[in-house]
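Peer 1: First, the structure itself, so that you have it in front of you.
No lab work stands behind these numbers, since they all come straight from the coordinates. None of these values were measured; they are calculated from a predicted model. Virtual Cβ from ideal backbone geometry, glycine too; neighbours counted across all protein chains shown.
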Amino acid sequence: DTGVSQNPRHKITKRGQNVTFRCDPISEHNRLYWYRQTLGQGPEFLTYFQNEAQLEKSRLLSDRFSAERPKGSFSTLEIQRTEQGDSAMYLCASSLISPPRTEAFFGQGTRLTVV
Amino acid sequence: GQSLEQPSEVTAVEGAIVQINCTYQTSGFYGLSWYQQHDGGAPTFLSYNALDGLEETGRFSSFLSRSDSYGYLLLQELQMKDSASYFCAVESQDTGFQKLVFGTGTRLLVSP
C-alpha cells in the first residue's frame, strides 16, 4: 500500500458549480478524516468516519458540504454551489484506532480554486 | 472550545538547536502531537506525548507539561531540509477521541 491517495490533485471550477473529491485511505485504516487548509493556516477539521459511519461534522461546515464513505473504504467529499471562499487545499487522512495515540497519515490533498 | 498557540515563524542556522512552543486550552486532554509539512506537501507525523516528559526520536524530541498546558518540539542538528511548517495538534474530550485539532503552525526557516 502506497499511502493515502487523493484525486484530483487540482480542481478549478466556476462559482456555483458542484465538485467532488475522492480519498482512498490506507487499506487497513478504519478512521478517515477530511480537513481543509488555507495558506498559512493549520488543517481545519471538517468531518470524520469510523468505517462507514460519519461520527462528526464540523459546525463550521455549511449544508453545501457532504461526505460519504460507502462500505468503509474510499470516501468522497462533495461541495455544492461552490463559492470563492471554498478555495483551499482539502486534505484527507486516515488512521487506525490504536490507543493511546492517533497517528494520522495524510494524502497530498486536492487544491480547489473557485473562480 | 479548544485553542492552540504557536509562534508564527522561527529562524535558525544549520547545525543549531531550535525549540517550537505550543500552548493549548482544552478540556479532558488526551495527547499532543506534532506534524511537519513541507511547502506543497502533506503533513507527516513526528511525535506524540500523552504524559509529562520528553519523548526522543532521533534529532527530534517533544516535551509535554500537562499542568502547564504546554509542549514543545525540539529540533537538534538542524539541516536545510528541516525548513518546513510545524503544527501541534491536540486530542481531548473537547475535540473528540482520535480527532486532531491543529494549531496555526510555525514556519521554520533554516539558513546555511
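Peer 1: Rounded to the nearest 20 debye, what is the charge dipole size of chain B about its Cα centre when +1 sits on each Lys and Arg Cβ and -1 on each Asp and Glu Cβ? Write out the running numbers ahead of the final one.
Peer 2: Details: 5 positive and 12 negative charges, 33 e Å.
Approximately 160 debye in magnitude.
Peer 1: I need the trypsin sites (Lys or Arg not before Pro) found in the range A:53-115, filtered to DSSP loop residues with at most 14 other beta carbons within 10 Å of theirs.
Peer 2: A:Arg59, A:Arg64, A:Arg81
Peer 1: Follow-up. Apply the Karplus curve 6.51 cos²θ - 1.76 cosθ + 1.60, θ = phi - 60°, to the phi angles in the range B:85-100 and return the couplings in whole Hz, x for Gly and Pro.
Peer 2: These are the phi-based 3J(HN,Hα) values: 9, 10, 10, 8, 9, 10, 10, 7, 4, 4, 7, x, 4, 6, 10, 9 Hz.
Peer 1: For the range A:39-49, take each phi angle, set θ = phi - 60°, evaluate the Karplus expression 6.51 cos²θ - 1.76 cosθ + 1.60, and give the result in whole Hz per residue in order, putting x for glycine and proline.
Peer 2: Ordered by residue, 3J(HN,Hα) equals 4, x, 10, x, x, 9, 5, 10, 6, 8, 10 Hz.
Peer 1: Sticking with this structure for a sec: Have a look at chain B and give its Rg and Dmax from the Cα atoms, expressed in angstrom.
Peer 2: For chain B, the Cα-based Rg and Dmax read 13.4, 43 Å.
Peer 1: How much length would be gained if the chain were fully extended between B:Ile17 and B:Ser67, taking 0.36 nm per residue of separation minus their Cα-Cα distance, in nm to one decimal?
Peer 2: Values: separation 50, 0.36 × 50 = 18.00 nm, distance 2.53 nm.
The span from B:Ile17 to B:Ser67 would gain 15.5 nm if fully extended.
Peer 1: To continue, here is another question. Once the Cα gyration tensor of chain A is diagonalised, what are the square roots of 5 times its eigenvalues, in whole Å and ordered largest first, as equivalent ellipsoid semi-axes? If you can, show how the numbers build up before the last one.
Peer 2: Values: eigenvalues 108, 39, 36 Å².
So the equivalent ellipsoid measures 23, 14, 13 Å along its semi-axes.
Peer 1: Another one. When DSSP beta bridges are limited to those with both residues in chain A, what percentage is antiparallel, rounded to the nearest 5?
Peer 2: 90
Peer 1: Using a cut-off of 29 Å between alpha-carbon atoms, which lysines can reach B:Lys99, once sequence neighbours fewer than 8 places away in the same chain are excluded?
Peer 2: Of all the lysines, those that pass the test against B:Lys99 - Cα under 29 Å, at least 8 places apart if same chain - are A:Lys11, A:Lys57, A:Lys71, B:Lys81.
Peer 1: Could you size up the charge dipole of the protein assembly as shown around its Cα centre, putting +1 on the beta carbon of Lys and Arg and -1 on that of Asp and Glu, and report it in debye to the nearest 20?
Peer 2: 880
Peer 1: Based on the alpha carbon coordinates of the range A:17-74, what radius of gyration and maximum Cα-Cα distance (Dmax) apply, in Å?
Peer 2: Rg and Dmax of the range A:17-74, Cα atoms, are 12.0, 35 Å.
Peer 1: Could I ask something else about it? Only loop residues by DSSP count here, and only those with at most 16 other Cβ atoms within 10 Å; note down the trypsin sites (Lys or Arg not before Pro) in the range B:1-82 that meet that. Numbers along the way, then the final one.
Peer 2: Values: sites: B:Arg59, B:Arg66, B:Lys81; in loops: B:Arg59, B:Arg66.
Counting only loop positions with at most 16 other Cβ atoms within 10 Å, the trypsin sites (Lys or Arg not before Pro) in the range B:1-82 are B:Arg59, B:Arg66.
Peer 1: Mind jotting down the distance between the C-alpha centroids of the range A:73-115 and the range B:22-75, whole Å?
Peer 2: 22
Peer 1: How many partner chain Cβ atoms sit within 10 Å of a residue's Cβ in peptide B:100-106, on average, as a whole number?
Peer 2: Details: counts 11, 4, 7, 3, 3, 5, 1.
That works out to 5 on average.
Peer 1: Report the normalised scattering of the protein assembly as shown as log10 I(q)/I(0) at q = 0.08, 0.15, 0.17, 0.18 Å⁻¹, calculated by the Debye formula with identical scatterers on the alpha carbons.
Peer 2: -0.29, -1.00, -1.23, -1.34
Peer 1: Now for a different question. What is the spin-label model distance, in nm, from A:Thr38 to A:Asn51 if the labels are put 7 Å beyond Cα along the C-beta direction?
Peer 2: Output for this residue pair reads 3.7 nm.
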